[in-house]
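What follows is a short report on a single structure.
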2 protein chains.
Amino acid sequence: MATTLKDIAKKLGISEATVSLALNNNSLVNEKTKKRVHEAAKELKYFPNMIAKGLATNKSNTIGIIVPDINIVFYANILRAVDEIVNRAGYSLLAAMSNDDPKVEEEIIRTFISKRIEGVLAVPTNQPTKFLTSYQKALKEHNIPLVYITSLYTIDGIRYVMGDIREGTYMLVNHLVELGHKDIVFIGGNRTVPTTSLRREGYGRALTEHGIPIDEKNLIECDGIHYDQAVLATEELLQERHDFTAICAMNDEMALGVVNTLQKAKIRVPEDVSVVGYDNTIFSKVSMVGITSMDSDIEGTCRQAVDMLMQVIRGEEPEEPHIMVRPAIVQRQSSGKARR
Amino acid sequence: MATTLKDIAKKLGISEATVSLALNNNSLVNEKTKKRVHEAAKELKYFPNMIAKGLATNKSNTIGIIVPDINIVFYANILRAVDEIVNRAGYSLLAAMSNDDPKVEEEIIRTFISKRIEGVLAVPTNQPTKFLTSYQKALKEHNIPLVYITSLYTIDGIRYVMGDIREGTYMLVNHLVELGHKDIVFIGGNRTVPTTSLRREGYGRALTEHGIPIDEKNLIECDGIHYDQAVLATEELLQERHDFTAICAMNDEMALGVVNTLQKAKIRVPEDVSVVGYDNTIFSKVSMVGITSMDSDIEGTCRQAVDMLMQVIRGEEPEEPHIMVRPAIVQRQSSGKARR
DNA sequence: CTGTTAGCGCGTTCAA
DNA sequence: TTGAACGCGCTAACAG
């Protein structure tokens, strides 16, 4: 049996309550007994029982996070950052992955509620979904605050912190235009998903501002947002035409697929075609030519998301429930002057 | 306030105990009342309070896992597999990352114990460490079973399930030898760490069995086991000599670094030099030439580790506390006949 | 400053 | 088949 408050109270001949206060460094109890208590605790190898504490205080000291799939580098980055920040704030993190499966999501929410999670962070899937309502409803009924990371919902009362991918893509395309590029292909996912549509907006604005017309055939829509789909898209593109001088991929993994496919076709990067990615993940580094990318400041994003969540947990209403984090460009070798 | 057993008991005019039994589908309570209880529970949106339950049963229904860093693809793979398996077994998973920092590890263990985790899985760091004792001691004192994943300790009473990397490397080098290779370079990490030393053993055995002498200069030791270190090692290698026909890297990320560096130096893969990796992670796929690798059967490994842990939790002693999981080769384009 | 008491929500006796 | 009573380990309110 583990040693309890009672054990150490008995040993010292004082009451449980005093021991409890002493261990929590409450100023009500005098220094000498505090010291005795701490020593006894160490001696008896006392470990507070958080579940008992949780029952008594009705607080779990835990926050939950839902990510679609931890095997995706970008989500792993988020999880890592959140874990660190949450721990530093004295909370535990309960992580769960949904695999983009609504059934799993529901199960996760049930578990979260049963564990009396104090707040949840959610990184929504990359598919056009309606799960929004299911999350919201169950959590709201139980008064559990929710903050989205890296997504955008304009629905009322939804709090989020996201990287400003529209602005980031704008900056990236701007960078290309300034290098002399006019024929820039954008490779992304389903156009109805915010993560793609926002990037398209940024892409469009950069071109328009420079008086470059937007050509529909430069906007490629893939079935997914991973390496294989980018390879496929690039192969198809190369069969049709070679008149573009740059490719803007929606993330680094896809950019890597683009670079490899181009090089396989003896097209030099960046001499013949420039390529840019997004997120500054490991994929932008493990390429034969380093890939110019955007650092989304994941850490900053997560920090602000956790801060916002903590505010809501404390009962304060955050003054600004929608935060956009400005990214920064990371130049590598894959982007250079336009040919000719 | 969340609805409790009491609420639904009151509503139905029966006792809390009956409700509790009914919700747990205990056969003592008759079907009709069971049904009424379940309906009332749904109606009142009852969610069992796991912390109260935990206190009453003295069980947290949670197991903990420690990984060095979730940003490393291989560990993320493990975490994902374990999460799924543990959930299916009706447990929750509490994940923590140590960053290879003993202080953090200690903190994690404290939290685990305080949360009355029922068992822990640990994926040890890749450095020669002594943390073993600290883990062991604290957990043993609290009677919390521990199973290691993907590591090897020959110390008594330590349970583990690991991929048989010695055998896997043997198979891989064998594969190369059968393709006619004799001058095979091995690129790994610190030789005193089991994950490297075991691979070296497999490498050595494959050569010896074919009567090929082991050349010390073919055994390269890096400061780390990531992309950059592999690039560096390959660059240095190429400055010295070109007499090798194959490179066996200790993991896919390093293999990718090798392939890229070779190609940058206009050395063709596999025509001039064959390359193999290990773990069959995404890195073996996002290369210009797909990298031949070893599938460690992470899922199988994790399943067995969880099974073993569950056995110990139930109080049974696993008949075989040391399990080696046999890997399978995955051939891709990076390995071919030796030149000349 | 310290002790007493009463729950927190649930499972588990033991009676009825 | 059900109900009453108790305890898990801790905190909180109040009393001394």
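Assorted remarks:
- Accessible surface of the protein assembly as shown [probe 1.4 Å, protein heavy atoms]: carbon and sulfur percent: 50
- Largest accessible area first, the residues A:27, B:334 order themselves as A:27, B:334 under a 1.4 Å probe with ligands, DNA and RNA left out.
- Amide hydrogen neighbours beyond the local backbone of residue B:330, cut-off 5 Å, H modeled: B:293, B:294, B:295
- At a probe radius of 1.4 angstrom, the accessible area of the stretch A:175-325 per residue rounds to 41 square angstrom.
- Residues in the stretch B:59-89 that, when all protein chains are in place, have 40 Å² or more less accessible area than the chain alone would give (probe 1.4 Å): B:70, B:71, B:80, B:83
- Residue-averaged [θ]222 nm for chain A, counting only DSSP H segments that reach four residues, each worth -39500 (n - 2.57): -14000 deg cm²/dmol
- Using alpha-carbon coordinates, inclination of helix B:194-209 to the longest axis of chain B, degrees: 40
- Charge dipole (Cα centre; +1 on Lys/Arg Cβ, -1 on Asp/Glu Cβ; no other charges) of the stretch A:165-295 amounts to roughly 100 debye.
- Shielded by partner chains, the stretch A:284-302 residues - at least 40 Å² of accessible area, 1.4 Å probe, vs chain alone: A:286, A:288
- Placing R0 at 22 angstrom, the Cβ-Cβ distance between residue B:110 and residue A:6 gives a FRET efficiency of 0.60 after rounding to 0.05.
- For residue B:212, no residue 5 or more places off, or on another chain, has a built amide H under 5 Å of its own.
- In order through the stretch B:311-320: 3J(HN,Hα) via Karplus (6.51 cos²θ - 1.76 cosθ + 1.60), integer Hz, x for Gly, Pro: 4, 4, 4, 6, x, 7, 9, x, 4, 10
- Measuring against 29 Å, Cα to Cα, the residue pairs A:103/B:42; A:103/B:103; B:6/B:32; B:264/B:285 contain A:103/B:103 as the ones spanning a longer distance.
- Approximate spin-label separation residue A:16-residue B:137, in nm, with each point projected 7 Å along Cα-to-Cβ: 3.1
- Inter-label distance, nm, simple model (7 Å from Cα along the C-beta direction), residue B:272/residue A:216: 4.7
- Anchor residue B:182: lysines whose Cα lies under 17 Å away (excluding residues fewer than 8 positions away in-chain): B:217, B:337
- Exposed loop sites were defined as GluC sites (Glu not before Pro) in DSSP loop states (anything but H, G, I, E or B) carrying at most 15 other C-beta atoms within 10 Å; in chain A the longest segment without such a site runs A:1-270.
- For chain B, the relative contact order works out to 16 percent when only alpha carbon pairs closer than 8 Å and six or more residues apart are counted.
- Folded to 0 to 90 degrees: helix B:102-114 orientation relative to chain B principal axis, Cα: 20
- Under the simplified labelling scheme, the residue B:197-residue A:197 pair shows an inter-label distance of 5.8 nm, with each label point 7 Å from Cα along Cα→Cβ.
- Note on the protein assembly as shown: dipole from Cβ charges, positive end direction compared against B:96, A:227, B:329; the farthest Cα belongs to B:96.
- Axis angle, to the nearest 10 degrees, between helix A:227-240 and the longest C-alpha principal axis of chain A: 10 degrees.
- Calculated label separations, residue A:192, copies of the chain, 7 Å along the beta-carbon direction, nm: 6.0
- Nearest-0.05 FRET efficiency for residue A:265 and residue A:103, computed from C-beta distance (R0 45 Å): 0.60
- Nm distances between copies for residue A:25, ranked from closest, using label points 7 Å along Cα→Cβ: 4.8
- Whole-Å distance, taken between Cα centres, linking the stretch B:201-235 and the stretch A:216-291: 33
- Taking both sides together, the accessible area buried where B meets A is about 4600 Å² for a 1.4 Å probe.
- Close amide-amide hydrogen proximity is noted between residue B:148 and B:122, B:159, B:160, B:161, each under 5 Å apart and 5 or more residues distant or on a separate chain (H modeled in the peptide plane; Pro and chain starts excluded).
- Seen through its C-alpha gyration tensor, with square-root eigenvalues sorted a ≥ b ≥ c, the protein assembly as shown comes out oblate because a/c lies at 1.5 or above while a/b is not bigger than b/c.
- Accessible area of the stretch B:5-48 divided out per residue, in Å², using a probe of 1.4 angstrom: 67
- Phi-based couplings in Hz for the stretch B:291-296 (Karplus 6.51, -1.76, 1.60; Gly and Pro marked x): 9, 4, 8, 10, 8, 7
- Burial of accessible area (probe 1.4 Å, heavy atoms of protein chains only) in the stretch A:210-230, relative to its chain alone, reaches at least 30 Å² for A:227.
The values are calculated or read from the model by the stated rules, or taken from the named source; none is laboratory data. The shown structure was predicted, so the numbers you read here are calculated from the model rather than taken from an experiment. Quick reminder, even Gly has a Cβ in these numbers, built from the backbone with ideal geometry, and neighbours come from all protein chains shown. Only protein heavy atoms, including side chains, enter the accessible area calculation; ligands, DNA and RNA are left aside. Shrake-Rupley method; radii C 1.70, N 1.55, O 1.52, S 1.80 Å.
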